[in-house]
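First up is the structure itself, then whatever we jot down about it.
The values are calculated or read from the model by the stated rules, or taken from the named source; none is laboratory data. If you're wondering where the values come from, they're calculated on a predicted model, not measured in any experiment. Please note: Cβ atoms are built from the backbone with ideal geometry, for glycine as well, and neighbour counts cover all protein chains shown.
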Amino acid sequence: MTADAASPDEPYQESTDYSWTEKAFEMLECNDLQGEVVVSRDGIVSSRVWGPCPRCRHALDDRRTHTAVTNLMGGEWRGPGGAGPGQPGSEDAGLAFFPVDVSCGCGDGHAGAPAGTTGCGVSFRVELRLQPAGSGGQP
Amino acid sequence: MTAGPVRRARKPASAPSKSDLDERDRYAKLTAGSMDIVRGSAQAWRTGLTAFITLVTTGVVIKGRDTTAGLASGWRTLVTVLIGGGLVLAVLGLWLALAAEAGTDPKKQTLQDIRAIHGTLTAYEVYLAAKAARRLQWGRRTVAGAVTLLLAGIVATWWAPAPAPSPPAFITVAHGHAVTCGAPQSAGAGQLRLTVHSSLSPVSIPFSQITSMALTTACP
């Protein structure tokens, strides 16, 4: 299933097709979907992506923390997508962007969804500019 | 020339794979468990560091005063500084390890306060875990310093030279058919005066009667 087939109240179907990532990017560009990645003074990276799901259009609000204390001899480490402590995931023209993988967790019931599962099943990636805490809207 | 608007997002080169999503979910569990990981580690470290310190300080206490009492003044000062400094560092290090395990500075906070400062509750937990991990790291370093100082103090007692023997303070005088031992008081007017243990007043011995004299460190 691709973004062209998107419509509200779709039955549950797991999909990571690139078209959903493209659609999410278009929605971010026109402020339909919102997203932020914030790095705190302590170097802890957290993200929030909120707005309508690219597929089912139900409201989603995905909050994640991308830093964990994993190696007690070496301090804290960045999760998947991050290059390491204090290092952004990638650079583009001097600006650091951080990849965030989002799965629809809209909370609305979708036909055929496995028990205990929320969302319509679609997952997509957004790459958001890292910003220091307090520089804009806080997730 | 002015800079263009700052881009908030860019188009990803690829979509997330199934394994990317699995890894993301596993990492989320790791993030949420950061505090438990650090506190568990702090507990183990505190127990281990306490055993270290107990072992070393027990040796110091057992040898303690007997060892240092016979040291020259300079060496005794050095050993006191090393062992005293080691004990202070040991207490500080164990305090830091305990603080990492049990936490300090409890205060009331609302979820909104936490979100305003840290973004998410999990980010706050990671912040606390990172703080505890830093404390634990400093605790380990401090206890390592303490053990080093304590061991250096013990080694210093092995290498410290024996104190210089006391100079002879008594004199044994043979006069006539008698021998008198005592601390010299004065000599003059043809007489030597000694303070003798068995007599309250000084004993005077005429020089003319003295047949021999010898210095000694103690009287019989």
Checklist entry - Going through the range A:12-44 one residue at a time, which ones are aliphatic (A, V, I, L, M) and at the interface with chain B (Cβ under 8 Å from one of its Cβ atoms)? => result A:LEU28, A:VAL38, A:ILE44
Checklist entry - Of the residues B:ALA100, B:ALA123, B:ALA90, which is buried (at least 20 other Cβ atoms within 10 Å of the Cβ), within 12 Å of chain A (Cβ to nearest Cβ) and touching a residue at least 12 places away in the same chain (Cβ under 8 Å)? => result B:ALA100
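If you take the residues of the range A:65-77 that are at the interface with chain B (Cβ under 7 Å from one of its Cβ atoms) and in a strand (DSSP E or B), which of them is modelled with the lowest pLDDT?
Step by step, filter the range A:65-77, then rank; the result is A:GLY75.
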Next on the checklist: Condition check: surrounded by fewer than 17 Cβ atoms within 10 Å (Cβ to Cβ), in a strand (DSSP E or B) and modelled with pLDDT of 85 or more. Does B:LEU192 satisfy that?
Outcome noted: no
Checklist entry - When you scan the range B:65-117, how many residues do you find that are assigned to a helix (DSSP H, G or I) and either over 30 Å from B:SER34 (Cβ atoms) or among the aliphatic types (A, V, I, L, M) (or both)? => result 36
Checklist outcome for this item: Within the range B:1-27, the residues that are part of a loop (DSSP other than H, G, I, E, B), loosely packed, with under 12 Cβ neighbours inside 10 Å and at pLDDT 85 or above are B:ALA13, B:SER14
Next on the checklist: Can you pull out every residue in the range B:29-39 that is at the interface with chain A (Cβ under 7 Å from one of its Cβ atoms) and either under 17 Å from A:VAL49 (Cβ atoms) or not in a helix (DSSP H, G or I) (or both)?
Outcome noted: B:THR31
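Looking at B:THR80, B:THR68, B:THR110, B:THR120, which is the one that is at pLDDT 85 or above and of a type in the set (S, T, N, Q)?
B:THR80
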